[in-house]
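The values are calculated or read from the model by the stated rules, or taken from the named source; none is laboratory data. Quick caveat: nothing in here was measured; it's all calculated off a predicted structure. Here the Cβ positions follow ideal geometry from the backbone for every residue, glycine too, while neighbour counts run over all protein chains shown. Note: areas computed on protein heavy atoms with side chains; ligands, DNA, RNA excluded. Shrake-Rupley method; radii C 1.70, N 1.55, O 1.52, S 1.80 Å.
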Amino acid sequence: TYSIHKSGDIYPWVQRDLKEAYPSYRISLNKGETKTFYIKVFMDEEGLIPVHLYSLTTYYKGFAQRELFFGLFVGIMMLMAFFNLFLYLLTKNKLQLHCFLYIISISLAQTSLFGNSLGHFYFFSIFLSKYDAIIFASLLGPVAIHFILKYFEFGKTGIFHRIFKGFVLLFILIPIYA
């Protein structure tokens, strides 16, 4: 007899056996017991497939550490973002608003690259689970460039302004072709 377990980007978070960013499976194997497992993998693009075997205790310790790190990261980033939003509302200084948007875009890009955004923010969307890293990383580029232009006050006609605008165009065009 055999059983089939499916996981990956094409399955919503709520359908996964282990709520993990990467395909993870729960198997039972008694001490000294031998079993054969087959893994069949389909991918849209080239990639690596690391295979790790953990005891349940070791797995949950690692999972708890990753979740703690993720919670600290998101908490600190949101604190900084909303502090800048608060300063903007208090002073009406647009630089604080640009800083707020920059921090939010960095947070979204980082969480999507680590695979955490799927399970914590939009666990029903298959489209976002597949393309979130491309979308959020692409948004980060123009937002970062705009923030740099405002922070360093390069003006609208200088050479730096034209160079940065070229980079913005690249950040918009590259994901379209990807």
Give the residues of region 129-172 whose amide nitrogen is closer than 17 Å to a point set 7 Å from the Cα of LYS94 in the direction of its Cβ.
-> 143-158, 161-162, 165
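Taking R0 as 30 Å, what's the FRET efficiency between LEU72 and THR1 from their Cβ-Cβ distance, rounded to 0.05? Please list the in-between numbers first.
On the way: r = 44 Å, r/R0 = 1.47.
Once rounded, the FRET efficiency stands at 0.10.
Show me 67-80, 33-46 ranked by packing, highest mean number of other Cβ atoms within 10 Å first. Could the numbers behind the result be given before it?
Values: 67-80: 13.5, 33-46: 7.1.
The peptides rank, most packed first, as 67-80, 33-46.
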With a/c under 1.5 counting as rounded, go ahead and sort region 56-143 into rounded, prolate or oblate using the C-alpha gyration tensor (a ≥ b ≥ c being the square roots of the eigenvalues; past the cut-off, prolate if a/b is larger than b/c, else oblate).
-> oblate
Using a simple spin-label model with points 7 Å from Cα along the Cα→Cβ vector, what separation in nm is obtained for PHE83 and SER125?
-> 2.9 nm
Using the heavy atoms of the protein chains and a 1.4 angstrom probe, tell me the accessible area per residue for region 42-155 in square angstrom.
-> 68 Å²
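With a cut-off of 8 Å between alpha carbons and a minimum separation of six or more residues, what is the relative contact order of the chain in percent? Could you put the intermediate results ahead of the total?
Values: 126 pairs, mean separation 40.7, N = 178.
Rounded, it is 23 percent for the chain.
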Nearest 0.05, what FRET efficiency do ILE135 and GLN15 give at R0 = 25 Å with Cβ-Cβ as r?
-> 0.65
Violations at 30 Å Cα threshold for listed pairs LYS40/LYS61; LYS40/LYS130; LYS19/LYS94 -> LYS19/LYS94
The lysines whose Cα lies under 24 Å from the Cα of LYS35, excluding any fewer than 8 residues away in the same chain, are LYS6
